[in-house]
Amino acid sequence: LPEQARTEKHWWYDPRYIITDLNVNSAIAQPDHDERLTISNAEEVYLMKGYAYAGGGRRVTKVEISLDEGSSWKLAEIVYPEDLYRAVCYSDPIFGTLDLTERETSFCWCFWSYEVKVAHLAESNAIIVRAMDEGMCVQQSQMYWK
């Protein structure tokens, strides 16, 4: 079967087999796993960071952080690097034209950040992140395979 897929290129472009529709997904990049913070000032602020993605061209509309194992949630700030390409139509005689000014679909990761006091991090047993897309699909707490 892999050899057939290599020789018959039309399989790569058949909409029945293209994987573009994925579940909402997010991850924490900072703090890093097993990262240690020095608590010198209880009012000191730490900038948590991560990324999120929603498949099918849907935009991530909300990212939330929980420091109390999901009992309460706080909104994170979101940056969409893809929007920078929507601001300007780029044209090059060699590479062609890139015009996303009228495109509303999103196929790039967005980046989120959340400022939290170091003292609150010290009290937390677990940090949880979840995202939601414009179709109101919320990232599940337990992932499963189909």
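The values are calculated or read from the model by the stated rules, or taken from the named source; none is laboratory data. Since this is a predicted model, take the numbers as computed values, not measurements. Every residue, glycine among them, receives a Cβ derived from its backbone with ideal geometry; neighbour counts consider all protein chains shown. Areas reflect the complete protein model, heavy atoms only, side chains present, ligands, DNA and RNA absent. Shrake-Rupley method; radii C 1.70, N 1.55, O 1.52, S 1.80 Å.
In table form, for the structure just shown:
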quantity	calculated
Yes/no for L98 being at pLDDT below 85, open to solvent by 100 Å² or more (accessible area, probe 1.4 Å) and under 28 Å from L22 (Cβ atoms)	no
Qualifying residue in segment 103-110 (condition: open to solvent by 70 Å² or more (accessible area, probe 1.4 Å), out of contact with any helix residue (DSSP H, G or I) (no Cβ under 7 Å at 6 or more places or on another chain), hydrophobic (A, V, I, L, M, F, W, C) and not in a strand (DSSP E or B))	yes
Members of segment 1-34 found to be open to solvent by 100 Å² or more (accessible area, probe 1.4 Å) and either assigned to a helix (DSSP H, G or I) or aromatic (F, W, Y) (or both), listed by number	E3, R6, K9, H10, W12, Y13, Y17
Residue count, segment 78-135 (criterion: among the basic types (K, R) and at positive phi)	0
Close pairs from segment 129-140: first assigned to a strand (DSSP E or B), partner among the charged types (D, E, K, R), Cβ under 6 Å, at least 6 apart	R130/E64; M132/K62; D133/R58
Subset of segment 54-82 (residues that are open to solvent by 30 Å² or more (accessible area, probe 1.4 Å) and among the hydroxyl-bearing types (S, T, Y))	T61, S71, S72, Y80
Cβ pairs under 6 Å, 6+ apart, first in segment 106-126 and over 13 Å from V60 (Cβ atoms), second open to solvent by 90 Å² or more (accessible area, probe 1.4 Å) and of a type in the set (S, T, Y)	none
T38 vs. criteria of a type in the set (S, T, Y) and assigned to a strand (DSSP E or B)	no
Residues located in segment 69-101, provided they are in contact (Cβ under 8 Å) with a residue 24 or more places away in the chain and charged (D, E, K, R)	E69, K74, E77, E82
Segment 39-52 - residue that is modelled with pLDDT of 75 or more and open to solvent by 60 Å² or more (accessible area, probe 1.4 Å) and, of those, farthest from the chain's Cα centre (by Cα)	E43
Extreme residue, modelled with the lowest pLDDT, among residues of segment 118-146 that are over 15 Å from G55 (Cβ atoms) and open to solvent by 80 Å² or more (accessible area, probe 1.4 Å)	W145
